[in-house]
Amino acid sequence: MGKSERLMQLELLLLSHPEGMRRAEIARRLGVHRSTVGRYVDELKKKVDLWEDEYVVGISNDEPMNMMKLSVYESLAFHLSAELLANHTEYHNPHMSSALRKLAENLRRNAPSMSASIDSMAEAIETGSKLQNPDYIKVLETMTDSWVSGKIVRIKHLNEKTGKEEETEFAPYFIGFYDQNGARRPISVTGRLRHTAAIQTIDIRKIHSAEILDETYTIPDNLKPFGKNEFNSPIESEDLIPLKLRIRERSVLNVFHNLYVNRLKVHDPESDGWIICDIEAENSIELFLKLVQCGPSVEILEPSSYRQKFIREIQKIASVYHLSGTSSV
């Protein structure tokens, strides 16, 4: 969680406690060290009018706060959803209580009774008996950042079938609860395993670490968050590229077997013995390396944009060895 988010949480916490809060309690609520609270308070003072009395910190009653405007019906819907979320999660989630405090602040003037109820719920979440698990929250935040930014994430997770830890690269398509055999499961992330067409749902609790990579992916248009029964339908995505290749012999396709995604069509051999085939493969460095490995046994026909890109990269490689055209070594 970034510092700006922590400062927002601190501001919301103080707004909901006009009598002020002890620094030790703030540290417990935010899940940080007491010395860190001191730095946050100093930072928040730069933009918000705070008061202090020994170890108690408070926010000025006339301090305005710009909030998103929701109707009371929309607010109630969020309130009920949050209550379900609170009841079906194993670990304490500080984002849940801070979101509720924003909602309560939004309703404080026009619907004070609902605001008070939501504030009470946020209070109950913060002071409840749910387990504190900072590592779980960090993984959840990283997976969320990966999903929002559209970047591949490298994860280490427990394989429930083998019982062993695995490291893999993953493209998150959505995060949420997952129904299996009519039973509600914990918060999970669903997405595509790198270099495969396999769609997998992983329990966030089973992910031990997560690191965002500087490689993007695109969520297929035909993969809807609630259409989990449609995973067997073809995936159409910008990180998958439809290739038309001209190959010397069918055995060349063995080089690409790890890159196939849903589609492979091999046409009848031409008069010269060459074969045209259509495959859909992951648009990655691995694809480029496979094509280089094939040498003159494969020619890229389409798409022309990828053909030109491949030619440029080959020319760059040739220039390192001072080669051009058909020059010999």
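The values are calculated or read from the model by the stated rules, or taken from the named source; none is laboratory data. Computed from a predicted model, the values in this text were never measured in an experiment. A quick note on method: Cβ atoms are made from the backbone with ideal geometry, for glycine too, and the neighbour counts reach across all protein chains shown.
For the reader, a short list of remarks on this structure follows.
- If only residues of region 1-10 that are without any contact (Cβ under 8 Å) to a residue 60 or more places away in the chain and surrounded by 21 or more Cβ atoms within 10 Å (Cβ to Cβ) are counted, the one that is farthest from the chain's Cα centre (by Cα) is L10.
- When each of D62, D53 is tested for being under 29 Å from V41 (Cβ atoms), loosely packed, with under 13 Cβ neighbours inside 10 Å and modelled with pLDDT of 80 or more, the lone residue that passes is D53.
- All positions within region 126-157 that are part of a helix (DSSP H, G or I) and within 25 Å of A24 (Cβ to Cβ): E126, T127, P134, D135, Y136, I137, K138, E141
- Test result for S120, in a helix (DSSP H, G or I), touching a residue at least 40 places away in the same chain (Cβ under 8 Å) and not basic (K, R): no
- Among the residues listed as V298, V252, V261, V292, the single one being at pLDDT below 85 and within 27 Å of Y217 (Cα to Cα): V261
- Just one of (1) buried (at least 17 other Cβ atoms within 10 Å of the Cβ); (2) assigned by TED's automatic domain parsing to the domain that holds F174; (3) assigned to a strand (DSSP E or B); (4) at pLDDT below 85 fails for I219. It is (3).
- Residue match in region 93-100 (condition: of a type outside the set (K, R) and more than 13 Å from G31 (Cβ to Cβ)): yes
- Residues satisfying the stated conditions in region 28-56, i.e. of a type outside the set (K, R), within 30 Å of the chain's Cα centre (by Cα) and farther than 15 Å from K3 by Cβ: none
- So N106, is it in contact (Cβ under 8 Å) with a residue 12 or more places away in the chain, in a loop (DSSP other than H, G, I, E, B) and more than 30 Å from E169 (Cα to Cα): no
- From the list T89, T36, the one residue that fits, being at pLDDT below 80, among the β-branched types (V, I, T) and under 25 Å from N133 (Cβ atoms), is T89.
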